[in-house]
Amino acid sequence: MPSKGLFHIIVSIALCGWSADLLAQSDHRNEIGLPCEFSANAVKEGTPNRVDVIETWKDRVQTGTESLDDTMSLLFQGIDRDAATLIRSGSESHFQNGALAFTADSSCVELAPITLSRTVSSLMFGILCDEPLDGQVVLQVRSEETDWQDMPIEGVFAPAKPIKKFQVRLRKLSGSSSAPEIRGFTFTPGDEFPFDVTESEDSLATRAPATRPAGFVSRAGWGARPSKGALPKDKHVAIVLHHTYRPRIADCKGDGATAVKNIQKVHMDDRGWSDIAYHYLIGPTGTYFEGRPEGTLGAHCGANTGRLGVNVIGDFNKGAETMRPAQRKKLLELLTYLCRKYGIATKNVIGHKDVKPTDCPGETFYVQIPSIRQAVAAGLKK
């Protein structure tokens, strides 16, 4: 999961907007009818009522849950109802108890531009909220060369050109009777590598019916929470392999069900995503757990469209842990089942680092992928 180095960003909290030239072209206006003019006066370090950007996942390395250093959380903490000079906000919304509260239709809160330490090709967003947002609040994003775009939870903002600066606003939709309080939002920078999906080399007509391997634990079986709203549908054409990094095999008790529940909690509560990111997770004993239902879009590798996510619990970086034989056996069975069911070519079974700059799935796992493909291809012929 983790990539090398923390992803640092700079947040200038001021009256929001880009340059006057850009706004003259697009004539963006906020809810109180004023043009959003850029202010170069950033809030000084330590100023009260500022928005804090928290490197959440660095801390989680120490707690035995999960780490993804390049996912950043922007939390609405330390902001009160008088913060309109820091964040453009109409009288219809205010901050209280570390959350954003909307009190009238069509109210809007617009943050100052966020500057990254380097350019990225895409950003995936999450919203930190304890209730579903469907039909109540929308998060919108723009860059210096794009207009505002609606971003659903786990929506990917991918402009034509790489970006280093972007801006976010939250709007309460007209007609929604109420809106839940929002604690902040998250964004995951993306630098996806191109990956050409290979058509299946095996005809589905010559294969045996796909039979789910033994050792399966459904969402109900491990006590999964319901998703935050309906998950987008997806057609699977590739499989991306991951390791958890944290938790490690050594951190798990029993089959790993508790670890899976903790990962779902991190993804939903701390990253603001709709559900656990992966479709399947394989525990230390070879038991495997249903994550997101098959046929839905994952949230595990940046450009998630078409890609099933399979995660093997453990830290498989060099010098750390080794995948257990029971885990590898179940991984081969599961991949054979999924390739057979969806007609996925074995060449399309790839590691996370094949599509994004990251150490995941760890060196000792990654070097096994060629032999894993060979074993799955042999299994498809049976």
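Every number here is computed from the coordinates shown, using simple stated rules; none is lab data. Everything numeric here is computed off the predicted structure, so don't read it as measured data. Ideal geometry is used to build each Cβ from the backbone, glycine not excepted, and the neighbour counts take in all protein chains shown.
Only Lys, Arg, Asp and Glu carry charge here, each on its Cβ (+1 for the first two, -1 for the last two); on that basis region 253-382 has a dipole of about 500 debye about its Cα centre.
3J(HN,Hα) along region 252-258: 8, 10, x, 7, x, 4, 5 Hz, from the Karplus curve 6.51 cos²θ - 1.76 cosθ + 1.60 with θ = phi - 60°, whole Hz, x for Gly and Pro.
Phi angles across region 139-155 convert, under the Karplus curve 6.51 cos²θ - 1.76 cosθ + 1.60 with θ = phi - 60°, into 3J(HN,Hα) values of 9, 10, 9, 8, 10, 5, 10, 10, 7, 4, 10, 5, 10, x, 4, 6, x Hz, Gly and Pro given as x.
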